[in-house]
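Data first, discussion second: the structure below is written as structure tokens.
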Amino acid sequence: MDPKANEKPYNQELLDEIPVFENFLHQIGFKRNEGAIYGLLVLSATPLTSEEIEKTLHLSQSAVSLALKKLTHYGAIETRESRDKEKRVKEHTAKTDSLTIVSSVFRKREQETIEEFKRMAERALKKTGDSENTPRAKRLHSIISTCNIAETVMNFVIGLATIGNGPLYEEVVANLPKALQMLTVATKGTEQVTKHASLLTKTLKENILWRAQK
């Protein structure tokens, strides 16, 4: 009999890190049990069944089922069927690319919220009839510009997530800090940052698509 057969795919030291996953995902809009399940799947050396998740985290079957559906919706985990003795079971594992979950949150939730906030500021600016130099107009313009920057960043992350892990992904990530530093030094003011950030995102997207097609 294989002595490793009864070994758990994680130890208590790893499980002690799960509260950090809970807190992090809670801060970006997930429930704490969803963060705990995601953390367990990240830290597990092998895929886990729903029953194993329930026993390890002391959660009910319904709580685990709902959390798995939510995590799947946001692209954080994947589920596959496997044969266990005489029956088929579903096993769950965290995706290797953590950028997927961030991209999904941006695309399915944050992007819509920011677009709505920007449209509100644009409507309010028209309703005021103020000249651009008034404090109220400047505040509203600042909201619009800030939303534009946020949209640019989100579009870049969403685009980057589509290429997945690999040499091209690593190359972009490695050069991104330098590109952003050059952007910050070369620009002054929110409008200029937005303009140059949009141009940078467009250029990177074109290069990503070109390299991916080669």
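Laboratory data are not the source of any read-out in this text; all were calculated from the coordinates shown. Values in this document were obtained by computation on a predicted structure and should not be read as measured data.
Below are the figures for this structure:
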read-out: nm² value of the averaged projected area, convex hull over the Cα atoms of the stretch 12-94; value: 5.3 nm²
read-out: Candidate aspartates and glutamates for bridging to Lys90, where Cα separation is under 14 Å - those fewer than 8 sequence places away on the same chain excluded; value: Glu51, Glu52, Glu54, Glu78, Glu81
read-out: Karplus (6.51, -1.76, 1.60) ³J(HN,Hα), θ = phi - 60°, over the stretch 38-46, in Hz, Gly and Pro reported as x; value: 4, x, 4, 5, 5, 7, 6, 6, 9
read-out: Given Lys8/Lys69; Lys70/Lys127; Lys8/Lys95; Lys87/Lys108, the pairs whose alpha carbons are separated by over 29 Å; value: Lys70/Lys127; Lys87/Lys108
read-out: Largest to smallest principal axis extent of the C-alpha atoms in the stretch 40-176, angstrom; value: 74, 39, 19
read-out: Nearby aspartates and glutamates by direct alpha-carbon distance to Lys138 (threshold 17 angstrom, same-chain neighbours under 8 apart not counted); value: Glu122, Asp130, Glu191
